[in-house]
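Engineer: Submitted below is the structure of interest, expressed as structure tokens.
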Amino acid sequence: MSTEGKLRPVTTHRLMEMKQRGEKIAMLTAYDYSTARIMDEAGMDVILVGDSAANVMAGFESTLPITLDHMIYHAQSVVRAVERALVVVDLPFGTYQGNSKQALASAIRIMKETEASAVKLEGGAEILESVERILCAGIPIMGHLGLTPQSIHKFGTYNVRAKEDAEAERLLSDAKLLEQAGCFAVVLEKIPAELGARVSQSLQIPTISIGAGGGCDGQVLVVHDMLGINNEFSPRFLRRYADLYSVMTGAFKGYLEDVKSGDFPNPQEQY
Ligand code: KIV
């Protein structure tokens, strides 16, 4: 809190300052008002309205089906809850690749209709024109390299990326390209920790890791995974901070039993 008792919002500039003084950046995904409110009050630096909403909120196999309208709905709910964290919103598949004018129109819709602070795009050199056009409009961009789930049909698997030298060099060059273009940060997903550290040391802007190791400037996890709601997903990079699957199952079963037995509601729980 500042001296006036008001929270000092996290900005893209503050993230850069955090990197400069070696303070790690904590980021999580959120898709709804109630979760985002708890997360913001806990002091999260960045909240990502990720297109992983397609998986964990809507039950799709990949992130490809989610639409711009869906992302805007989730982002509006999150922004309404947040007072301090920087809110970043994923541009979904098909709204920015291959057509920079469409990319700008998509980013403008997100900024205007949600009042979030920035957008995130997956890719490097192949989306540079879209990145430059969006940045020209004054919209901050977080990049995303390594395992980029919107390209899952090109990769074929969710395995670790950039293990070979050629792909590692391409990733480093893409990261530098994004920095030169003016991106304020870049997510590195599922790459060797050594490469994550190398990219982080080569850039002035912060890197945020999801499975890219402790040498990055910050970390991000999908909230359903770290809370243990989704107990079928156990990649090596995931640390579970709760077992909400068990907690929720216990609560649902307890309620079910109480309703069936007539124990709920008791006299104090009715008018
Ligand atoms: O959509 C998402 O949740 C993401 C994170 C995995 C970085 O892009």
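The values are calculated or read from the model by the stated rules, or taken from the named source; none is laboratory data. The model shown is predicted, which means the values in this text are computed figures rather than measured ones. No Cβ is skipped: glycine too gets one built from the backbone with ideal geometry, and neighbour counts run over all protein chains shown. Keep in mind that these areas ignore ligands, DNA and RNA; they rest on the heavy atoms of the full protein, side chains included. Shrake-Rupley method; radii C 1.70, N 1.55, O 1.52, S 1.80 Å.
Engineer: Could you tell me which numbered condition Y255 fails, if it satisfies all but one of (1) open to solvent by 30 Å² or more (accessible area, probe 1.4 Å); (2) among the aromatic types (F, W, Y); (3) in the same structural domain as G59 (by TED's automatic domain parsing)?
Structural biologist: Status for Y255: all satisfied but (3).
Engineer: Listed residues A42, A81, A75; which is surrounded by fewer than 24 Cβ atoms within 10 Å (Cβ to Cβ), touching a residue at least 12 places away in the same chain (Cβ under 8 Å) and not polar (S, T, N, Q)?
Structural biologist: Details: A42 fails: touching a residue at least 12 places away in the same chain (Cβ under 8 Å); A75 fails: surrounded by fewer than 24 Cβ atoms within 10 Å (Cβ to Cβ).
So the residue among A42, A81, A75 that is surrounded by fewer than 24 Cβ atoms within 10 Å (Cβ to Cβ), touching a residue at least 12 places away in the same chain (Cβ under 8 Å) and not polar (S, T, N, Q) is A81.
Engineer: Can you name every residue in the stretch 190-217 that is in contact with a Ser or Thr (Cβ under 7 Å, 6 or more places away or on another chain) and not aliphatic (A, V, I, L, M)?
Structural biologist: Those that are in contact with a Ser or Thr (Cβ under 7 Å, 6 or more places away or on another chain) and not aliphatic (A, V, I, L, M): G196, S200, T207, G215, C216, D217.
Engineer: Please enumerate the residues belonging to the stretch 208-247 that are among the polar types (S, T, N, Q), within 11 Å of the ligand (Cβ to nearest atom) and open to solvent by less than 60 Å² (accessible area, probe 1.4 Å).
Structural biologist: Result: S209, single match.
Engineer: Scanning the stretch 1-39 for residues that are open to solvent by less than 60 Å² (accessible area, probe 1.4 Å) and modelled with pLDDT under 95, which turns out farthest from Q204 (Cα to Cα)?
Structural biologist: Selected residue: G5.
Engineer: Take the residues in the stretch 195-233 that are under 14 Å from the mean Cα position of the chain (by Cα) and part of a helix (DSSP H, G or I), then tell me which one is nearest to I141 (Cα to Cα).
Structural biologist: V223
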